[in-house]
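Structure, as structure tokens:
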Amino acid sequence: MDTSPRNTAARTAVMDVRSRDYQPEVESEFAETLITSRQNTSPRRLVEPGPSVSELARILRAAAAAPDHGLLRPWRFVIVPKARRADLAEVFALALIDRDPGATLDQIEAARDKAHRAPMLMLVVARLGVDEARIPPLERMVSVGCAVQNMLLMAHSLGLGSGLTSGQAMPSARMRGLFQLTEGEEAVCFLNMGTVAKRKLGRAHPGVQDFLSTL
Ligand SMILES: Cc1cc2nc3c(=O)[nH]c(=O)nc-3n(C[C@H](O)[C@H](O)[C@H](O)COP(=O)(O)O)c2cc1C
């Protein structure tokens, strides 16, 4: 990285005023550590406490800073409070029975249990649109992913664990009904947050040579 004085001044200029003491070598190392040390934590490993009210506010504000072509804000999130977890558990169970009428009681119970694990649970909804062809769904989906990643990184920076969960119940009519999804909206995944009970080993990330070429 070029950290010559001229470049440092130019980079400082584009940083927020709060970062007047911007030091590229320090900030970039922080960013790299934050990004590369984030890992998906299964809801099984997440315990209380979840994010505080102010932590949650910061996490949500991070989503709002995602790149957003056309400024459509093609996402929304729905918190599932403890008092409504039983409703979600029922959706998981009934969606399983719809798919597999022969599901065992253990399987149904395991499906139900997924609704109760994480201290903070929210649904990620992609607003892919019905009448707004200007920004195609693919681009909107990128924006949704960026918003989610911003949240994961902010949660990680706060010392919280986070993980995404999805599954075959996501597109079900029962899920759509519970969350009152409208036409053009899709249930993408759940964002789980809490305190990490037991950290797992980090995975090896793919090498850049695996995903970069030059035209
Ligand atoms: C949209 C989406 C849905 C996901 N759903 C699940 C899931 O249902 N179960 C799961 O174990 N991980 C799920 N993940 C997390 C990935 O498995 C995880 O990111 C991947 O294993 C890489 O691990 P890392 O995030 O720790 O680097 C999901 C990730 C994304 C982006």
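The values are calculated or read from the model by the stated rules, or taken from the named source; none is laboratory data. It should be emphasised that the depicted structure is a prediction, and the values quoted were computed from it without experimental measurement. As a convention, Cβ positions derive from the backbone with ideal geometry for all residues, glycine included, and neighbour counts pool all protein chains shown.
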Condition first: in contact with a helix residue (DSSP H, G or I) (Cβ under 8 Å, 6 or more places away or on another chain) and in a loop (DSSP other than H, G, I, E, B). Now tell me which residues in the range 74-92 satisfy that. PRO74, VAL80
Hey, which of the helices (runs of 4 or more DSSP H) in the range 93-181, taking only ones fully inside, have at least 3 residues that are within 30 Å of SER37 (Cβ to Cβ), within 16 Å of the ligand (Cβ to nearest atom) and modelled with pLDDT of 95 or more? 137-157
Here the residues within the range 30-55 that are assigned to a helix (DSSP H, G or I) and either of a type in the set (A, V, I, L, M) or within 15 Å of LEU153 (Cβ to Cβ) (or both) are PHE30, ALA31, GLU32, THR33, LEU34, ILE35, THR36, SER37, VAL53, GLU55
So which residues in the range 43-54 are surrounded by 15 or more Cβ atoms within 10 Å (Cβ to Cβ) and either within 16 Å of the ligand (Cβ to nearest atom) or more than 16 Å from PRO81 (Cα to Cα) (or both), if there are any at all? PRO43, ARG45, LEU46
